[in-house]
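Notes follow once the structure below has been shown.
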Amino acid sequence: MSSDQVLVFGHVNPDTDAVTSSLVYASFLRKSSTPAKAQLLGVLNPETLHVLANGPAGAISPPEALDIDKLQPGTKVALVDHNESSQSLSVLYDKSLKLQITAVIDHHKIGDLHTSEPLYCRIEPVGCTGTILHSLFVENSIEISAIEAHLMMSAILSDTLNFTSPTTTPKDKKAVAALAKLCNCTDTDAWSLSMFKAKSDVSQISAVDLVKLDYKVFDMPDGTSWGIGGVETVDVPAILGRASELSHALDKVKSDSPKPIAGIFLVVVDILQVKSTAILPATPGTELDVISKAYSTTVTHKNGVPLADLGNNVSRKKQLVPMLLASLSL
Ligand SMILES: [Mn+2]
């Protein structure tokens, strides 16, 4: 691969925004005369498959999987929809590979990001990386294709849960209105619902894979790391019906984690009711106290499975992680 080519990728266990943003930002760079290629870290979830299968001109190709063994020292990389190394390429800061981070486009809190050279860094507190990418096209007077519009629009509707998530900003809504026109989407509510239904169809996914589907590790102020999985669904009973196997899967993901994990839980978000429930590991340790305290809730046992009602806290980035950080830094 050309040493000038920038490899663009989203976080591991990618969601729709991570995948579509890698495709769209790579395309933006190429349109700005910078060689770039979108890459994938992990597997596509059912919602992203639905978005790619239903493009304005037919199916859209997913990014190629990134092959770590083929990475050349000094390769340029651009991070989209994440900036923390615990959610990125395992060799991001490898001392012999010396990857060069040339850009970060994101809407999450800043973690351990550091570079040896200046970079283009664009982080905004908006609902979706797709919203920031839309701004980049507009600011640079670069034409947006129908496919790019479909990808950005779908990501924004996904990340903001069709504007019901507290992460939603007026900028996200404006971007969707503009992008819907460009990809001829006449009913964004109907398109959102079809994405959420696709996302909810996880009956064929094993409990361990379901925990890992949208799983992120966060480093805490007390020096520990916590793993938080997420399942956004329009069919909560289908997920809670699997609570027992999911809680055992949490035990397994926790004990198998390459990075020691102090606590782990799975957040089941009811997209239509905008509320959530945490499933705790079958053999919880510190989770019992920490989750009760951080979210002012009580852990109850249903059929032997520890569960916690998280109320209207549905956003990991804006509610669940900040509340956990605050609680663990006391
Ligand atoms: Mn995102």
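Here, each number is a calculation from the coordinates, and none is a lab measurement. Fair warning: this is a prediction, and the values are worked out from it, not measured in the lab. Cβ atoms come from the backbone with ideal geometry, glycine included; neighbour counts cover every protein chain shown.
Working ranking of peptides 250-258, 33-41 by packing, defined as the average number of other Cβ atoms within 10 Å per residue, highest first, is 33-41, 250-258. If R0 equals 22 Å, the separation of the Cβ atoms of residue 143 and residue 34 corresponds to a calculated FRET efficiency of about 0.85.
Here's how it looks for residue 231: its modeled amide H is under 5 Å from those of 267, 268, 269, which are all 5 or more places away or on a different chain. For the chain, the average shadow cast by the Cα convex hull is 16.2 nm², which is a quarter of the hull's surface.
Each principal axis of the Cα atoms in the stretch 93-177 has its own extent, and those three values, largest first, are 44, 30, 18 angstrom. Applying D = kT/(6 pi eta Rh) to the stretch 169-280, where Rh is the Kirkwood radius over alpha-carbon pairs, T corresponds to 10 °C and eta to 1.306 mPa s, the Stokes-Einstein value obtained is 100 µm²/s.
Estimated purely from DSSP H runs of n ≥ 4, each contributing -39500 (n - 2.57), the mean residue ellipticity at 222 nm for the chain is -10500 deg cm²/dmol once divided by its residues.
Couplings 3J(HN,Hα) for the stretch 60-72, derived from phi with the Karplus relation 6.51 cos²θ - 1.76 cosθ + 1.60 (θ = phi - 60°), are 10, 5, x, x, 6, 5, 6, 9, 4, 5, 9, 5, 8 Hz, where x marks Gly and Pro. Projected label points at residue 301 and residue 70, each 7 Å from Cα along the beta carbon direction, are separated by 5.2 nanometres. In the chain, taking the dipole from charged Cβ atoms about the Cα centre, the farthest positive-side position among 151, 268, 329 is held by 329.
The order of 119, 179, 213, going from fewest to most other C-beta atoms within 10 Å of their C-beta, is 119, 213, 179. Measuring nothing but alpha carbons in the stretch 189-246 and taking Rh as the Kirkwood radius, the Rg to Rh ratio lands at 1.08. Panel order for 152, 195, 323, by other beta carbons found within 10 Å of each beta carbon, from fewest to most: 323, 195, 152. Separation of the stretch 131-161 and the stretch 1-41, taken as the distance between their Cα centroids, equals 14 angstrom. Taking loop as defined by DSSP and a crowding limit of 13 other beta carbons within 10 Å, which GluC sites (Glu not before Pro) in the stretch 109-187 fit? Passing sites in the stretch 109-187 are 143.
Each residue, residue 174 and residue 187, gets one label point 7 Å from its Cα in the Cβ direction; the gap between the two is 2.9 nm.
In this rough spin-label picture, where each label sits 7 Å from Cα along the Cβ direction, the residue 330-residue 293 distance is 0.6 nm. Counting neighbouring Cβ atoms within 10 Å and putting the fewest first, the residues 93, 25, 120 line up as 120, 93, 25. Compared with the dominant Cα axis of the chain, that is its longest principal axis, helix 170-182 is turned about 50°. Can you work out the PRE-style zone for residue 117? Point 7 Å along Cα to Cβ, and I want the residues of the stretch 72-93 with backbone N under 11 Å. Counting only backbone N, you get 74-77. What you get for the chain, charging only the Cβ of Lys and Arg (+1) and of Asp and Glu (-1), is a dipole of about 260 debye around the Cα centre.
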